[in-house]
Amino acid sequence: MQQRIIISNTDNVPTAYFNTGLDPRAFARTKMSQSLIEEGHIVNQDGTHEIWKAAGVSEINGSMSVWGPLFQGKRLDLIIDEINTPDHAKTQTAVKALVCWIKAKMFLGDGKSALNNGAVFISDEDGRVFFAPEHLANRCIYIEGSKLDRNNCPDLIGMEASAFCAALMLYKIFTGLHPYPTAEIYQDMREGIFLPIHLASPNLHEKLSELIKEALLLPVENKKTSKSGTVILGEILAILSGNEPLLKTLPAEKAKRIEKEKKSYLFKQNSYVKTRRFIVRNKFVLIGIGVSIAFLVFILLSSIKGSITTQGLGAEDVVITYYNAFSLLKDDVMRACINGASKRDIEAAGILHAITKQREYYENKTEPVFVTAQAWRNQGGELPSPNAFGVTDLDIETLTKRPDGSRVNDDIVVFRANYSLWSPTEQYEIKRSDVLMLKRDRHKNWRIIEIERTER
């Protein structure tokens with residue numbers, strides 16, 4: 001990772017540089033020059049502080065850098081990230097840096113101190129803390145590759161945000177792990193999905209462990225503690241600054257029991273999270289499953305009727321009939337057009353048809369639940385389209401070769417169908433390109449035997 005906040009020389013004077021990664025034109029267009037009036041703050045351990053101001057802008061290797069007075073220190077996020085496994089020396093250094101950060105936060109107040117710990121520098125010599133101009137520092141951190149702020153919850157403000165960030169850093173310090181390692185990090189924060197610290201680091205100071213847990217639950221509405229962020233930070237600071245050891249030796253029997261409890265917790269949590277999020281992502285499918293009995297009866301009745309065929313239709317007419325039936329949720333007609341090809345479209349149409357019937361019955365609807373996408377388009381077609389379903393812009397082309405490259409013969413024909421599919425579960429259309437192979441059945445009727453689909 002290329003560091004974008006560096007120390008260099010200006011007229012033989014060590015200077016702090018913030019490399020924006022922008023060329024002069026982009027720098028002007030994005031109005032980054034406003035960073036020159038953005039203030040930073042340097043907080044001393046006795047609570048006094050001074051304002052840091054940028055002194056100028058220089059072009060270095062094609063990129064514009066904002067520079068100002070030197071602050072000799074190390075970025076707080078890098079100090080924390082160095083701890084990948086339990087390491088006493090690194091842990092001590094990180095705890096010391098975090099104590100300085102908490103003190104400075106409480107001295108300066110939330111309004112003047114940068115939230116992102118990548119915009120914070122800690123002096124090794126005297127414990128001073130430099131809160132860099134936040135907008136400028138965040139720009140540099142972003143282009144370093146840290147496009148996602150993994151140390152702060154976007155739902156918290158003020159000292160609650162600071163308490164959460166402190167707890168997250170402590171979790172990393174004492175376990176070597178991030179509490180929210182997945183790509184769904186913000187959802188995990190909001191739902192309180194993390195391995196409790198007393199299981200991740202069972203030998204940690206019990207009171208500190210409880211405070212970390214309380215702070216990490218601040219974004220979770222139904223599990224939120226009654227303590228304010230300021231109180232939590234104060235209690236954490238008191239423990240970290242005290243003489244009581246933060247880590248204790250754990251009896252082997254207790255360690256074994258906690259390890260077993262940890263595995264059980266992870267198993268239950270993973271099962272719960274996967275199940276709950278599957279339900280949220282697939283609510284329409286599950287509604288269909290909920291009326292599966294009605295759906296099965298409907299399919300059976302459709303099969304019993306068995307009077308729908310493709311008799312008298314040409315091969316291209318069968319393709320057109322198939323897509324029109326899909327738009328109208330007539331899965332019995334679609335079934336008549338198919339002979340061996342995938343039935344995914346038929347299943348989707350059947351589920352939506354069952355949902356329609358159920359809603360019409362329970363909600364006593366006189367208007368249709370879903371309208372065809374073509375009808376919706378003809379009426380103006382404004383987005384979003386929560387009640388529109390079906391195919392528009394259907395374009396059918398006759399091909400001379402099969403999908404495997406072999407040539408067609410008198411018994412088989414191949415078409416390419418390009419179209420847009422509109423669905424109530426999607427905000428915009430899905431562009432599809434299907435290659436359909438048709439063959440005559442034993443009754444000499446054209447039917448679809450294969451559909452090869454591409455979506456974009």
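The values are calculated or read from the model by the stated rules, or taken from the named source; none is laboratory data. Just so we're clear, the structure is a prediction, and the values are computed from it rather than from any experiment. Counting neighbours? That spans all protein chains shown, and the Cβs are built from the backbone with ideal geometry, glycine included.
General observations
- Region 378-432, residues that are assigned to a strand (DSSP E or B), buried (at least 16 other Cβ atoms within 10 Å of the Cβ) and of a type in the set (S, T, N, Q): 392, 420
- Search result, residues across region 329-356 that are surrounded by fewer than 17 Cβ atoms within 10 Å (Cβ to Cβ) and either at pLDDT 95 or above or farther than 16 Å from residue 435 by Cα (or both): 347, 356
- Qualifying residue in region 132-149 (condition: more than 23 Å from residue 32 (Cβ to Cβ) and either within 28 Å of the chain's Cα centre (by Cα) or free of Cβ contacts under 8 Å to residues at least 40 places away in the same chain (or both)): no
- Scanning region 39-58 for residues that are out of contact with any helix residue (DSSP H, G or I) (no Cβ under 6 Å at 6 or more places or on another chain) and either assigned to a loop (DSSP other than H, G, I, E, B) or of a type in the set (D, E, K, R) (or both) yields 39, 44, 45, 46, 48, 50, 53, 55.
- If you go through region 174-185 and keep only what is in a helix (DSSP H, G or I) and either at pLDDT below 90 or surrounded by fewer than 24 Cβ atoms within 10 Å (Cβ to Cβ) (or both), you end up with 175, 185.
- Cβ pairs under 8 Å, 6+ apart, first in region 54-75 and more than 20 Å from residue 37 (Cα to Cα), second hydroxyl-bearing (Ser, Thr, Tyr) and in a loop (DSSP other than H, G, I, E, B): 72/123; 73/123
- Residue satisfying all of: in region 210-226; at pLDDT below 90 and outside any helix (DSSP H, G or I); surrounded by the most Cβ atoms within 10 Å (Cβ to Cβ) among these: 225
- Selected residue (criterion: farthest from residue 121 (Cα to Cα)) from residues of region 1-10 that are surrounded by fewer than 19 Cβ atoms within 10 Å (Cβ to Cβ) and in contact with a strand residue (DSSP E or B) (Cβ under 9 Å, 6 or more places away or on another chain): 10
- Only residues that are surrounded by 12 or more Cβ atoms within 10 Å (Cβ to Cβ) and free of Cβ contacts under 8 Å to residues at least 60 places away in the same chain were counted in region 34-44, giving 1.
- Region 79-89, subset at pLDDT below 90 and outside any loop (DSSP other than H, G, I, E, B), residue farthest from residue 246 (Cα to Cα): 81
- Exactly one residue out of 292, 307 is loosely packed, with under 13 Cβ neighbours inside 10 Å, modelled with pLDDT under 85, of a type in the set (S, T, N, Q) and more than 39 Å from the chain's Cα centre (by Cα): that is 307.
- Selection status of residue 71, under 27 Å from residue 95 (Cα atoms) and assigned to a loop (DSSP other than H, G, I, E, B): yes
- Test set (1) surrounded by fewer than 17 Cβ atoms within 10 Å (Cβ to Cβ); (2) within 20 Å of residue 45 (Cβ to Cβ) - residue 132 fails condition number: (1)
- The one condition in (1) over 14 Å from residue 131 (Cβ atoms); (2) touching a Pro at 6+ places or on another chain (Cβ under 8 Å); (3) not charged (D, E, K, R) that residue 40 fails to fulfil: (1)
- When residues of region 93-116 are limited to those that are without any contact (Cβ under 8 Å) to a residue 40 or more places away in the chain and assigned to a helix (DSSP H, G or I), the one surrounded by the most Cβ atoms within 10 Å (Cβ to Cβ): 97
- If only residues of region 241-264 that are free of Cβ contacts under 8 Å to residues at least 12 places away in the same chain and assigned to a loop (DSSP other than H, G, I, E, B) are counted, the one that is surrounded by the most Cβ atoms within 10 Å (Cβ to Cβ) is 242.
- Filter result (touching a strand residue (DSSP E or B) at 6+ places or on another chain (Cβ under 9 Å) and either in contact (Cβ under 8 Å) with a residue 40 or more places away in the chain or not in a strand (DSSP E or B) (or both)) within region 438-452: 438, 439, 441, 446, 447, 448, 449, 450, 451, 452
- All positions within region 14-29 that are touching a Lys or Arg at 6+ places or on another chain (Cβ under 9 Å) and either assigned to a loop (DSSP other than H, G, I, E, B) or farther than 12 Å from residue 59 by Cα (or both): 20, 21, 22
- Residues that are loosely packed, with under 15 Cβ neighbours inside 10 Å and more than 31 Å from the chain's Cα centre (by Cα), drawn from region 11-33: 11, 12, 13, 14, 24, 25, 28, 33
Here's the yes/no breakdown for (1) at pLDDT 90 or above; (2) in contact with a Phe, Trp or Tyr (Cβ under 8 Å, 6 or more places away or on another chain):
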{"site": "14", "(1), (2)": "no, no"}
{"site": "39", "(1), (2)": "yes, yes"}
{"site": "55", "(1), (2)": "yes, yes"}
{"site": "60", "(1), (2)": "no, yes"}
{"site": "64", "(1), (2)": "yes, yes"}
{"site": "68", "(1), (2)": "yes, yes"}
{"site": "71", "(1), (2)": "yes, yes"}
